[in-house]
Amino acid sequence: MPDNVFLKAERLVRTALALLERDSVLASMVWRDPAGDFRGAKNDTITIRLPAYTKANSRALRSGDARTVTVLNERKVDVTLDTDVYQRVQITDEQLTLDIEDFEAQVIVPVAASILRGIEDGIVALAQNATYANTVAMNYSDTFPAVTKARRYLNDARVPFDGRVLVVGSGMEEALLEDPQFVRYQNAGSTDAFREARIGRVAGFDVVTVPALDPDAGFAFHKTAYALSSRAPFIPASAPAGATLAGNGFALRIVQILEPDTIVDNLHADVWTGMNVVKDFGSIDSNGYFTPGEDPNNPAAGEDELFVRAVQLTKAA
């Protein structure tokens with residue numbers, strides 16, 4: 001057995017966090033830790049500030065007309081820490097002494113994998129339960145028009161081109177892979193898991209399979225459409241061993257506590273998470289073109305908070 005590996009909490013949490021970063025698929029594509037510190041925040045909520053939008057004014061040269069004063073109104077999105085994603089594992093003397101040959105491989109890897117699945121399942125639920133301004137039905141015998149329609153919706157909403165992705169469930173993936181218009185190529189992406197899940201690129205989207213999605217669900221979005229914040233809780237003063245670490249938008253705490261009566265080690269791994277969709281204030285005209293509003297506190301006719309940074313794709317009936 002490696003020397004004192006069970007007591008090296010810092011090493012264990014570094015290993016686990018590296019696994020979260022490497023093996024994430026959906027979590028790697030959203031807006032992680034977009035802003036702020038939750039400490040002291042009312043109701044465990046922080047506010048993401050979005051830039052103000054305003055239209056430029058103009059006046060004729062030599063006219064002497066007064067300049068119109070413009071008021072800049074920032075918009076906001078709230079993210080609340082409301083979920084403790086955790087794992088608790090009990091390890092006996094016999095397991096530690098006789099059964100476990102590689103603690104990191106046999107304990108930390110499955111623990112980190114379960115934490116990651118918990119985070120990704122939360123993002124999947126957020127995406128599937130959101131209300132979208134635009135939805136496209138995909139004909140499985142001809143998938144390309146639905147993808148280009150989703151692209152147009154994002155274009156008309158002034159969503160940036162860089163950072164767009166199309167995530168699909170297994171049924172939609174199958175339809176895309178069987179479509180001759182779908183261009184496939186391999187070995188591109190930012191992480192190992194992303195490369196394995198990525199099935200190609202079409203109409204400006206990296207197309208990525210997310211098995212946790214409903215089979216016939218898909219979402220075309222910019223990375224700022226979904227916000228994910230995570231925080232590692234403090235290590236209790238009574239814990240003999242523990243460590244926290246944060247990096248690349250992920251956080252994790254690992255604590256080891258001994259039960260003296262049974263001589264059983266309890267390994268606790270957890271992270272607090274909060275998620276939300278990022279809506280924009282404005283209106284959509286009859287042509288589907290989104291115009292941002294200038295003052296959310298005094299909306300003009302038809303203006304509202306709309307989720308336009310993502311487009312929902314469904315299977316056509």
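Of everything in the range 230-258, what is among the small types (Gly, Ala, Ser), out of contact with any strand residue (DSSP E or B) (no Cβ under 7 Å at 6 or more places or on another chain) and assigned to a loop (DSSP other than H, G, I, E, B)? Give them in sequence order.
Selection gives Ala237, Ser238.
Scoring Ala197 on the criteria (1) surrounded by 20 or more Cβ atoms within 10 Å (Cβ to Cβ); (2) among the hydrophobic types (A, V, I, L, M, F, W, C); (3) modelled with pLDDT of 85 or more; (4) outside the structural domain of Glu120 (by TED's automatic domain parsing) leaves a single failure, condition (3).
Does any residue of the range 258-267 turn out to be within 25 Å of Asp44 (Cβ to Cβ) and not assigned by TED's automatic domain parsing to the domain that holds Asn139? No: the range 258-267 contains no residue that is within 25 Å of Asp44 (Cβ to Cβ) and not assigned by TED's automatic domain parsing to the domain that holds Asn139.
For the range 258-302, the set of residues classified as over 27 Å from the mean Cα position of the chain (by Cα) and at pLDDT 90 or above consists of Asp285 only.
Out of the residues in the range 259-273 meeting the condition of being out of contact with any Leu (no Cβ under 9 Å at 6 or more places or on another chain) and either of a type in the set (Asp, Glu) or part of a strand (DSSP E or B) (or both), tell me which one is nearest to Val109 (Cα to Cα). Checking each candidate, the answer is His268. Kindly evaluate Arg117 against the criterion of being under 30 Å from Ala18 (Cβ atoms) and either surrounded by 22 or more Cβ atoms within 10 Å (Cβ to Cβ) or in contact with a His (Cβ under 6 Å, 6 or more places away or on another chain) (or both). So Arg117 does not fit the description; no.
Considering the range 48-163, the qualifying strands (runs of 3 or more DSSP E), each wholly inside and each with 3 or more residues that are modelled with pLDDT of 85 or more and of a type in the set (S, T, N, Q), run over 83-91.
The values are calculated or read from the model by the stated rules, or taken from the named source; none is laboratory data. In this text the structure is predicted, and so the values were computed from the model without any measurement. Positions of Cβ are generated from backbone atoms using ideal geometry, with glycine treated the same way; all protein chains shown enter the neighbour counts.
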